[in-house]
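The next block holds one structure in the form of structure tokens; read it before the comments.
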Amino acid sequence: GGTAGFRNDIIIRGGAPNENVYYLDGIEVPVINHFATQGSAGGPAGILNVSFIEDVTLSSSAFQARYDNALSAVLQFRQRDGNAERIQGNLRTSATEVAATLEGPLTKNTTFLASARRSYLQVLFKLIDLPIRPDFYDFQFKTTTKISPKTTLTTLGLGAIDHFEIAAPKKSTPTKEFILRSNPTNDQWNYTVGLNLRHLVDNGFVNLALSRTQQYNAADQFEYGYLGDETRRKLGARAHETENKLRADVNKRVGRWQYSYGVVGQLVHYDNTLVNRLRSEVRDANGA
């Protein structure tokens, strides 16, 4: 199921959107949408380049224990490898964005995929005089190296930069303009980079994954018409989260039975700051 039509929140078995866990080529990716709600992966526009995706597996129950912190479901995305024969790419444009994709061989045993996208929704919405001004970039890459017939090294990266503000339309009453210009602006950025080493063994494989994720959220609100003036600040919120993860697991098959074992280590840091002024100081004519 889903929520409002303009968001990519996924609801599975009645759980909340933040109860799902997302993996990209074996690397956990906490954020897969632009303008995501903090603590959840949902948002109005996806970050993943769908032309990179080879297949998707959804486990809505009985997911393996190695997928930590999953309460509702595990969604696994597997990306294809880049073209091993030649360099190729494309440039796409639409009414809302422009995107470029490039792929090909880097060395005799290494291929790559890379893409970048830039929206110009804020320009479109300004032309049609809508008050919302969303603006975003995103970037993605993958390299695949065949170290040996049984060993493959994959590196990947995924990142996004988001900015959202509300402006007053041309035909606004003074009251409406004051309300709209008093709304906070929001800035977000996030990225995930990682490497995944897979080695085939008898009746299974060994997997080693190392990744780093950073997320940043900011909200700023000033009195009407004083954007950037710290003496007029009403709200200042910052949240910064960093996750470093190392996972090693062995996966085997015996007849119709499968089993796996391994170890996971995490180093997580989170900090936030909040400034919220309820009202300006009230002074008399003498400044007291």
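Just so it is clear, none of the values below were taken in a lab; they were calculated from the coordinates. All values derive from a computational prediction rather than experimental measurement. A quick note on method: Cβ atoms are made from the backbone with ideal geometry, for glycine too, and the neighbour counts reach across all protein chains shown.
Looking at the chain, identify the longest residue range that excludes and avoids all GluC sites (Glu not before Pro) in DSSP loops having at most 16 other Cβ atoms within 10 Å.
Longest gap between qualifying sites, sites excluded: 86-222.
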Let me have the 222 nm mean residue ellipticity of the chain computed from DSSP H runs of 4+ only, each contributing -39500 (n - 2.57), with the sum over all residues rounded to the nearest 500.
-1500 deg cm²/dmol
In debye to the nearest 20, the charge dipole size for the chain, taken about the Cα centre with +1 at each Lys and Arg Cβ and -1 at each Asp and Glu Cβ, equals 480
Among Asp81, Asp55, Asp249, which one shows the biggest mean-square fluctuation in a GNM of the chain, springs joining Cα atoms closer than 10 Å?
Asp55
Name the chymotrypsin sites (Phe, Trp or Tyr not before Pro) in the range 224-288 that are in a loop by DSSP and that have at most 16 other C-beta atoms within 10 Å, would you?
Tyr224, Tyr226
Taking the reciprocal of mean 1/r across every pair of different Cα atoms in the range 75-116, the Kirkwood radius in Å is 11.6
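Just tell me the longest site-free run in the chain, where the sites are trypsin sites (Lys or Arg not before Pro) in a DSSP loop having at most 10 other beta-carbon atoms within 10 Å.
Looking at the chain, 1-85 is the longest stretch - no exposed trypsin sites (Lys or Arg not before Pro) with at most 10 other Cβ atoms within 10 Å.
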Dipole in debye (nearest 20) - the range 1-125, about Cα centre, beta carbon charges: Lys, Arg +1; Asp, Glu -1:
220
Averaged over every viewing direction, what's the projected area of the C-alpha convex hull for the range 46-155? Give it in nm², one decimal, please.
10.0
Equivalent ellipsoid dimensions for the chain as semi-axes, Å, which come from the Cα gyration tensor, largest first:
43, 23, 17
Highest GNM mean-square fluctuation, the chain, Cα pairs closer than 10 Å: which of Gly82, Gly26, Gly228?
Gly228
Two-decimal Rg/Rh across the range 21-81, once Rg and the Kirkwood Rh are taken from alpha-carbon atoms:
0.96
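Once you list every other residue whose beta carbon is under 9 Å from the beta carbon of Ala218, what net charge do they have if Lys and Arg are +1 and Asp and Glu are -1?
Net charge in that neighbourhood comes out at -1.
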Just the Cα atoms of the range 126-260: what Rg and Dmax do they give in Å?
24.2, 74
Would you mind checking the pairs Lys126/Lys171; Lys142/Lys252; Lys108/Lys252; Lys126/Lys176; Lys146/Lys252 and listing those with alpha carbons more than 24 angstrom apart?
Lys142/Lys252; Lys108/Lys252
Surface/4 estimate of mean projected area, convex hull on alpha-carbon atoms of the range 213-288, nm²:
9.5
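Translational D (Stokes-Einstein, µm²/s) of the range 138-214 at 37 °C and 0.692 mPa s when Rh comes from the Kirkwood sum over C-alpha pairs?
Numbers: Rh = 16.5 Å.
Rounded to a whole number, D works out at 199 µm²/s.
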Added length on full extension, which subtracts the Cα-Cα distance from 0.36 nm per residue, Val201 to Arg232
4.8 nm
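Count the net charge of all other residues whose Cβ sits under 11 Å from the Cβ of Asn33, scoring Lys and Arg as +1 and Asp and Glu as -1.
Working: positive: Arg7; negative: Asp9, Asp138, Asp162.
Counting the neighbours of Asn33, the net charge comes to -2.
Can you check what the net charge comes to around Asp135, using other residues whose Cβ is under 14 Å from the Cβ of Asp135 (Lys, Arg +1; Asp, Glu -1)? All intermediate terms of the calculation are to be shown ahead of the outcome.
Working: positive: Arg117, Arg118, Lys126, Arg133; negative: Glu97, Asp138, Asp162, Glu165, Asp187.
Residues close to Asp135 contribute a combined charge of -1.
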